[in-house]
Amino acid sequence: MTKILQITDTHIVPKGQLAYQQVDTSTALAKTVATINRIVDQLGPIDLVLVTGDLTEHGNAEEYELFRQLMDPLKIPYQAVPGNHDKRNAMRAAFADADWMPRAGDLNWHLDLEQFSVLGLDSLVEDKAHGALTDETISFVSTHLDHLNGQPVLIGFHHPPFEVGIAPMDAQNLRETEAFSQAISGYHGEIRLVCGHLHRSIVGSFAGHICQVCPGTSHAVTLDQRENSENSLTMEPGAFMLHEWREDRFLSHWLPVGDFEGPYPFLGVS
Ligand SMILES: [Fe+2]
Ligand SMILES: [Fe+2]
């Protein structure tokens, strides 16, 4: 059975600092790695941890180095795409030794697993908060979908392709989505879209496919759907997702970061 984990929006800042003067993102990532390493045996083999962007807060070398240090103990290989807080060339340089990191162009990659393939897409518009997919990336998607010919595909990227009612975030979602929609809408196989950026678990659809937004590892974007809401964060628990292929469909499970009481047998249940 093919299974991957998704973590997102780790927002690593230089050692000793707090993101937004509030959030200890490094400790949160360390806890996430510890949680994954602890539960991996009960999930069975996991092929990949997909990181869907905003690895760092400012996209500088020091932050990427700290991100890598914190991810080092992870028992599962990982691959990443950039978010709006990342910097393309700094991220490329930080992972120059990784075979999945493209040497030039957008940071797109593909990975064929036993039961589904993964496409990682670069939706970063340098120095902007919103996202977009370049012609190069759309062509990457089309070429791979042609080649995959109906095999299940999970496509990961940072910016959600729909509005969710949080006005300050809806202003910075994935823009100019028409070409992407055309590239994936006619595919004669299962596609699961997964993204980040909103730091919340949200399920929607795009171009006829389910799109799962993954919660962040350290903090949430506040779910405030009033018209003039401030862009703010709330210290909701960190979490991540398990995406698996089971029989003939994708399943996506939400998992909280942390160590919880149990498991307790359901004693007394007949
Ligand atoms: Fe983020
Ligand atoms: Fe983001």
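The values are calculated or read from the model by the stated rules, or taken from the named source; none is laboratory data. These figures come from a predicted structure and were not determined experimentally. Note that we place each Cβ from the backbone using ideal geometry, even for glycine, and neighbour counts take in every protein chain shown. In case anyone asks, the SASA skips ligands and DNA or RNA and just uses the protein heavy atoms, side chains included. Shrake-Rupley method; radii C 1.70, N 1.55, O 1.52, S 1.80 Å.
How many residues are touching a residue at least 40 places away in the same chain (Cβ under 8 Å), out of contact with any helix residue (DSSP H, G or I) (no Cβ under 7 Å at 6 or more places or on another chain) and open to solvent by 50 Å² or more (accessible area, probe 1.4 Å) if we restrict to the range 1-26? The number of residues fulfilling the criteria is 4.
In this structure, is Pro237 open to solvent by 60 Å² or more (accessible area, probe 1.4 Å), under 18 Å from the mean Cα position of the chain (by Cα), farther than 21 Å from Val118 by Cα and modelled with pLDDT of 95 or more? Against the criterion (open to solvent by 60 Å² or more (accessible area, probe 1.4 Å), under 18 Å from the mean Cα position of the chain (by Cα), farther than 21 Å from Val118 by Cα and modelled with pLDDT of 95 or more), Pro237 qualifies. Of the residues Val213, Val194, Val221, Val203, the single one that is within 28 Å of Phe67 (Cβ to Cβ) and either among the small types (Gly, Ala, Ser) or more than 16 Å from ligand 2 (Cβ to nearest atom) (or both) is Val203. Listed by position, the strands (runs of 3 or more DSSP E) contained in the range 70-122 that have at least 3 residues being within 16 Å of ligand 1 (Cβ to nearest atom) and within 30 Å of Asp248 (Cβ to Cβ) form an empty set.
Here is a yes/no grid of residues against (1) part of a strand (DSSP E or B); (2) farther than 20 Å from Asn84 by Cβ; (3) at pLDDT 95 or above:
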| residue | (1), (2), (3) |
| --- | --- |
| Ser181 | no, yes, yes |
| Tyr187 | no, yes, yes |
| Val194 | yes, no, yes |
| Gly204 | yes, no, yes |
| Cys211 | yes, no, yes |
| Pro215 | no, no, yes |
| Ser218 | no, no, yes |
| Glu227 | no, yes, no |
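For Thr52, the conditions (1) more than 16 Å from ligand 2 (Cβ to nearest atom); (2) open to solvent by less than 40 Å² (accessible area, probe 1.4 Å) are fulfilled apart from (1). Within the range 1-31, which residues are farther than 18 Å from Trp245 by Cβ and under 14 Å from the mean Cα position of the chain (by Cα)? Within the range 1-31, Ile7, Thr8, Asp9, Thr10, His11, Leu29 qualify.
What is the number of the single condition among (1) away from ligand 2 (no atom under 13 Å from the Cβ); (2) open to solvent by 20 Å² or more (accessible area, probe 1.4 Å) that Val125 does not meet? Result: Val125 fails condition (1) only. Leu74 passes every criterion in (1) closer than 22 Å to Ser218 by Cβ; (2) surrounded by fewer than 15 Cβ atoms within 10 Å (Cβ to Cβ) apart from (2).
Taken as a whole, the structure places Ser201 among residues that are within 16 Å of ligand 1 (Cβ to nearest atom) and within 18 Å of the chain's Cα centre (by Cα).
Listed by first and then second residue, the pairs linking a residue in the range 73-86 that is among the hydroxyl-bearing types (Ser, Thr, Tyr) to a residue that is at pLDDT 95 or above, with Cβ atoms under 9 Å apart and 6 or more places separating them unless they lie on different chains, are Tyr78/Leu5; Tyr78/Ile7; Tyr78/Leu48; Tyr78/Val49; Tyr78/Leu50; Tyr78/Val51; Tyr78/Met71. Residue count for the range 217-228 satisfying the condition of being open to solvent by 20 Å² or more (accessible area, probe 1.4 Å) and either in contact with a Ser or Thr (Cβ under 9 Å, 6 or more places away or on another chain) or closer than 30 Å to Ala34 by Cα (or both): 3.
Kindly indicate the residue of the range 1-39 that is within 16 Å of ligand 2 (Cβ to nearest atom), touching a Ser or Thr at 6+ places or on another chain (Cβ under 8 Å) and assigned to a loop (DSSP other than H, G, I, E, B) and also farthest from Val153 (Cα to Cα) among those meeting that condition. Here the residue is Val13.
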